[in-house]
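Reading through the structure tokens given below for one structure.
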Amino acid sequence: MNYLHYEFDVGPNDVIEVTLDHAANVQLMDSTNYYNYKEGRAFRYYGGYVKTSPYRLHAPNQGHWHLVIDLGGYAGTVRASVQVLKST
């Protein structure tokens, strides 16, 4: 499966801003769930199918997080830019 992958150390006060060139799945997950995602197992995530951009989300708690952007197995490619807006 083709996907974009980003890693962050963020907390609930930080904003992850994702800009997409077209609709895609945007999924924020911890390391355990990212491992399950890569292995094709069941996994949990925050986010979902995003149709409008930019899309903003927050991690539920402080930690190391993985952001995965994919097309859910459909053909094609997606381009994305991602930035973290740190809280002050």
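The values are calculated or read from the model by the stated rules, or taken from the named source; none is laboratory data. None of these values were measured; they are calculated from a predicted model. Quick reminder, even Gly has a Cβ in these numbers, built from the backbone with ideal geometry, and neighbours come from all protein chains shown.
Against the definition (closer than 16 Å to Gln27 by Cβ and at pLDDT 95 or above), how does Tyr74 come out, yes or no? When the stated conditions are applied, Tyr74 does not pass them.
Criterion applied to Asn13, Asn2 was being closer than 18 Å to Gly72 by Cα, touching a residue at least 12 places away in the same chain (Cβ under 8 Å) and surrounded by fewer than 18 Cβ atoms within 10 Å (Cβ to Cβ), and the one residue passing it is Asn2.
Within the range 29-46, being in a loop (DSSP other than H, G, I, E, B) and either among the acidic types (Asp, Glu) or surrounded by 11 or more Cβ atoms within 10 Å (Cβ to Cβ) (or both) holds for Asp30, Glu39, Phe43, Arg44, Tyr45.
Within the range 53-88, the set of residues being part of a loop (DSSP other than H, G, I, E, B) and β-branched (Val, Ile, Thr) comprises Thr77, Val78, Thr88. Checked against (1) exposed (fewer than 13 other Cβ atoms within 10 Å of the Cβ); (2) not in a strand (DSSP E or B), Tyr49 passes all but condition (2). Screening Ala80, Ala59, Ala75, Ala24 for residues that are surrounded by fewer than 16 Cβ atoms within 10 Å (Cβ to Cβ) and among the hydrophobic types (A, V, I, L, M, F, W, C) leaves exactly one candidate, Ala75.
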